[in-house]
1. Six or more apart or on different chains, Cβ atoms under 6 Å: show the pairs whose first residue is in region 89-116 and farther than 24 Å from residue 270 by Cα and whose second is assigned to a loop (DSSP other than H, G, I, E, B) and of a type outside the set (A, V, I, L, M).
2. Which pairs turn up if I take residues in region 67-88 that are farther than 22 Å from residue 427 by Cβ and look for partners that are part of a loop (DSSP other than H, G, I, E, B) with beta carbon separation below 7 Å, at least 6 apart in sequence or on another chain?
3. All but one of (1) within 23 Å of residue 125 (Cβ to Cβ); (2) of a type outside the set (Val, Ile, Thr); (3) at pLDDT 95 or above hold for residue 316, so report the exception by its number.
4. Within region 144-153, track down each residue that is small (Gly, Ala, Ser) and either on the phi > 0 side of the Ramachandran plot or surrounded by fewer than 24 Cβ atoms within 10 Å (Cβ to Cβ) (or both).
5. Test residue 79 against the stated conditions and say whether it is among the hydroxyl-bearing types (Ser, Thr, Tyr), surrounded by 19 or more Cβ atoms within 10 Å (Cβ to Cβ) and either at pLDDT below 95 or within 21 Å of the chain's Cα centre (by Cα) (or both).
6. Filter region 149-203 down to residues that are among the small types (Gly, Ala, Ser) and not in a loop (DSSP other than H, G, I, E, B) and give me whichever is farthest from residue 259 (Cα to Cα).
7. Which ones in region 4-37 are of a type in the set (Gly, Ala, Ser) and at pLDDT below 95?
Amino acid sequence: MNNPKLALQMENSGGLQFPDLQSRSAQLFARACAVLPGGNTRHSVYFPPYPIYAVRGQGCRVWDADGVERIDMMNNYSSLIHGHSHPAVVRAIAQQASRLTSIALPTEPEIELAELLVTRLEAVEQVRFCNSGTEAVLFAIKAARAYMGRPLIAKIEGAYHGSGETAAVSTSPTPVDWGDANCPASVQDKGSASGVAQDVIVIPMNDVENGRRILREHGPRLAGALIDPLVKNLGFKPVTSAFLSMVREELDRCGGLLIFDEVYSLRLGFHGAHHELGMRPDLLALGKIIGGGLPIGAIGGRKDILTELFDPQKGAKLNHAGTFNANPLTMAAGLAAMTHFDEAAFNRLSGLGQRLRDGLQEALKLSGRPGIVTGTTSLTGLFLVDRPIENWRDLVGMIAANPSVMKKSELLFHHLLNKGIIIGAQGFFVLSTAITEAEVDHAIDAVLSGLKSLPT
């Protein structure tokens with residue numbers, strides 16, 4: 001795994017150790033706190049005692065405000081499939097920007113990106129663009145309710161689907177409010193409108209028997225079920241085929257719609273998670289990689305549903321506007337990124353993901369530290385817990401029983417920053433096509449040295 005040449009390059013990239021309260025990043029954070037609550041506009045990029053401020057990126061590398069170079073193994077939580085400043089994406093953005101940035105008219109790049117998605121993703125017969133994964137999920141939920149004329153949406157306890165009010169129900173419930181494990185309570189997110197949780201039913205992860213009972217009980221009022229085939233909050237843990245088949249069967253029984261959230265899990269297969277799993281959802285929410293690093297979301301699925309709800313020629317039943325929907329810059333960037341993310345690139349990247357997971361498993365073994373490695377293709381999770389995580393309650397319970405898990409995870413995260421590696425602070429690795437075996441092996445070595453340095 002060791003790569004001395006790469007290690008030397010990283011050691012000579014600045015040498016500043018994190019944290020350093022005299023650093024430029026620390027100074028920028030102090031300045032930010034005066035004008036931004038908590039110094040940021042995005043909780044997922046904050047980490048104590050201050051976040052590192054980025055200045056530029058190229059390929060799989062980023063440089064911070066202090067000139068320190070690091071390998072980016074998070075890639076903006078999956079949106080940068082080719083890493084930073086891919087030449088084809090930069091060229092597409094520059095060419096489009098020289099012609100048109102945004103306008104209250106449609107453009108040809110919108111058609112071209114839609115054509116690519118419809119061709120590649122068999123469950124997407126038509127598509128409609130928005131500006132984030134949160135928006136995509138929001139409109140998929142609204143579409144299901146409008147089409148079915150029913151109020152209820154089912155979701156998995158602990159699954160993350162963005163910050164929309166319905167989708168955020170029971171994303172991170174606690175023992176204080178989550179109820180019976182066999183029939184989870186619907187826990188409303190703080191600040192949501194009164195009664196939001198009443199229109200969401202929550203099913204336990206991969207529990208076929210109880211999931212079936214809950215869905216069947218609410219079937220007559222069920223508009224659909226929102227499922228992410230890889231539950232991000234659990235380290236991209238997959239839903240089982242038995243669980244997914246049960247959900248499809250119960251929806252077919254009651255007439256409800258199956259909604260796949262593939263904002264992350266589109267990476268599960270070149271033709272999407274639904275193709276890989278042999279399951280055809282009625283609606284899909286898309287985002288992240290399809291935008292080439294610019295803001296994007298999309299709702300796709302059955303033509304009859306989308307036409308009935310959104311086609312203005314047929315008196316659209318569901319209003320869908322947005323100043324920057326299908327803006328030409330994002331459409332051009334997305335088209336370039338997805339065109340270059342061909343099947344060969346997908347397979348190569350998935351192989352690097354497996355190399356990373358195998359190496360992390362070996363690092364845990366060599367260090368003698370407890371931990372589990374999760375994920376698939378180019379998505380990986382590393383949790384410093386002593387047994388597999390089956391559901392959200394398992395994760396919460398393990399952390400409650402051993403609070404040092406969070407501290408050790410923070411120390412490992414800091415260690416990796418100082419070894420030139422950026423991951424998600426929660427233990428997430430999301431790879432880009434810009435990465436090579438050398439960077440993957442360097443990350444594995446850095447994790448191993450970090451594990452060995454942790455307190456007992």
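1. As it stands, the answer is 102/327, since those pairs meet every condition given.
2. Here the result reads 67/14; 69/13; 69/14; 69/420; 82/432; 82/433; 82/434, each pair linking region 67-88 to a residue that is part of a loop (DSSP other than H, G, I, E, B).
3. Of (1) within 23 Å of residue 125 (Cβ to Cβ); (2) of a type outside the set (Val, Ile, Thr); (3) at pLDDT 95 or above, only one is false for residue 316: (3).
4. Within region 144-153, the subset small (Gly, Ala, Ser) is 144, 146, 149.
Correct list: 146, 149.
5. yes
6. Going through the qualifying residues, I end up with 179.
7. Once the filter is applied, which keeps residues that are of a type in the set (Gly, Ala, Ser) and at pLDDT below 95, region 4-37 yields 7, 13, 14, 15.
Let's see how each residue does on (1) small (Gly, Ala, Ser); (2) under 17 Å from residue 329 (Cβ atoms); (3) in contact with a Lys or Arg (Cβ under 7 Å, 6 or more places away or on another chain):
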{"position": "74", "(1), (2), (3)": "no, no, no"}
{"position": "77", "(1), (2), (3)": "no, no, no"}
{"position": "84", "(1), (2), (3)": "no, yes, no"}
{"position": "100", "(1), (2), (3)": "no, yes, no"}
{"position": "121", "(1), (2), (3)": "no, no, no"}
{"position": "125", "(1), (2), (3)": "no, no, yes"}
{"position": "128", "(1), (2), (3)": "no, no, no"}
{"position": "141", "(1), (2), (3)": "no, no, no"}
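The values are calculated or read from the model by the stated rules, or taken from the named source; none is laboratory data. Predicted model, so just to flag it, every value in this text is computed and none were measured. Please note: Cβ atoms are built from the backbone with ideal geometry, for glycine as well, and neighbour counts cover all protein chains shown.
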